[in-house]
Amino acid sequence: MTANPSTELLDNLLTLASRTTAVREEVRVWSMSGVERLTFPDNTTAIFKYAKRPFDSEDQALRLAHTLGVPVPTVHASAVLDGWLGMLLEDLGTPIREADDLDGAAAAVVLHGTRTASALPVLDQERLRTLPSRALEHLGRLRKADRWQDTDDVEGALDQIAQAAEARSAGATAAPFGWVHSEFHPTSLHVGRHGWRLLDFARAFTGPGLLDLASWHGTLDTPDPVRLRVFLDTYVTEGGTPDALAERGGLPAEKWALGWHRMWAVEWFMEQSIRWINDPATDPAYIKAVRRHLTDVLHLLEV
């Protein structure tokens with residue numbers, strides 16, 4: 001595993017930005033990424049964000065979003081080194097308040113109404129339909145590595161979902177279909193004195209916008225279709241397409257969205273476990289999260 005090259009990355013970025021030195025202050029750091037606030041000798045500031053694969057193309061997504069009119073922080077400079085991306089970003093300062101559901105709905109309307117960008121990966125019906133079988137492939141690789149051994153229940157649930165996926169994935173490309181932020185939470189929406197900005201575009205893709213709306217309230221609590229339905233109504237009231245309320249895959253929009261968002265998360269957790277993190281010490285936490293989400297998927301998609 002490549003050591004975190006943040007110091008060398010920062011040196012490269014400072015050179016690109018015609019800066020010499022900066023005082024670094026950690027804002028949030030974890031194993032695959034970090035955010036720091038930089039203060040320069042003239043007392044101006046910037047945000048230094050770094051991340052390793054697969055989060056290493058956020059600079060492209062942010063520049064694309066900006067070009068297409070989505071309010072995002074400005075990318076002052078970016079560089080890649082040994083599979084790590086480093087960015088110097090506009091410092092938006094402290095938010096004036098936390099984003100609420102009305103803010104989230106309005107931001108989603110703007111994002112989902114933006115012209116799609118061919119550079120983004122695509123999650124269409126075929127790709128959605130294969131999520132459970134892709135998760136089963138990850139499980140096979142984990143077991144070959146003598147990991148995730150007592151997970152017959154996980155395999156059984158994924159098999160059930162895979163069999164229902166053809167029918168349940170119908171409607172994936174119905175509107176809103178386009179930009180999906182994929183980390184769409186109140187913490188990714190900065191409300192400042194001069195309006196709002198969307199942050200954290202590291203995993204943006206083209207796909208069903210309902211997945212963003214399903215992620216807004218987070219994944220720690222039990223999925224709440226009634227609460228999401230209210231949020232979908234707010235989204236439409238704010239100018240989102242009324243098709244967001246339409247039944248798809250034989251299910252109400254809110255159950256379809258929550259079910260497929262949790263399935264999308266399961267596949268991502270399992271890929272992370274075998275590919276990106278690949279640390280057996282994290283297995284108990286990942287298995288627990290996957291089991292919880294699969295229980296929700298079976299219920300929501302009525303498998």
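When PRO223, PRO280, PRO186, PRO208 are checked against the criterion of being closer than 26 Å to LYS49 by Cβ and of a type outside the set (A, V, I, L, M), a single residue qualifies: PRO186.
Among the residues of the range 284-303, what is the count of those that are touching a Lys or Arg at 6+ places or on another chain (Cβ under 6 Å) and assigned to a helix (DSSP H, G or I)?
So the count comes out to 4.
Could you grab me the full set of residues in the range 217-272 that are over 24 Å from LEU189 (Cα atoms) and at pLDDT below 95? GLN272, the sole residue that qualifies.
Selection of strands (runs of 3 or more DSSP E) fully inside the range 180-257 by the criterion of at least 1 residues being under 25 Å from PRO73 (Cβ atoms), in contact (Cβ under 8 Å) with a residue 60 or more places away in the chain and touching a helix residue (DSSP H, G or I) at 6+ places or on another chain (Cβ under 7 Å) returns 189-192, 195-198.
Under the condition of being assigned to a loop (DSSP other than H, G, I, E, B), of a type in the set (Gly, Ala, Ser) and in contact with a helix residue (DSSP H, G or I) (Cβ under 9 Å, 6 or more places away or on another chain), which residue from the range 101-126 is surrounded by the fewest Cβ atoms within 10 Å (Cβ to Cβ)? Show your work before the answer.
Of all residues in the range 101-126, those assigned to a loop (DSSP other than H, G, I, E, B) come to 113-121, 123-124.
Imposing the further condition that a residue be of a type in the set (Gly, Ala, Ser) reduces the set to 113, 117-119.
Checking which are in contact with a helix residue (DSSP H, G or I) (Cβ under 9 Å, 6 or more places away or on another chain) leaves us with 117, 119.
On the way: ALA117: 17, ALA119: 12.
Result: ALA119.
How about the range 1-19: which of its residues are touching a residue at least 24 places away in the same chain (Cβ under 8 Å) and polar (S, T, N, Q)? Within the range 1-19, THR2, ASN4, SER6, ASN12 qualify.
Out of all the residues in the range 133-142, is one or more assigned to a loop (DSSP other than H, G, I, E, B) and out of contact with any Cys (no Cβ under 6 Å at 6 or more places or on another chain)? No, that holds for no residue.
The values are calculated or read from the model by the stated rules, or taken from the named source; none is laboratory data. What you see is a predicted model, and the numbers here were worked out from it, not measured in a lab. When we count neighbours, we look across all protein chains shown, and the Cβ atoms used for this are built from the backbone with ideal geometry, even at glycine.
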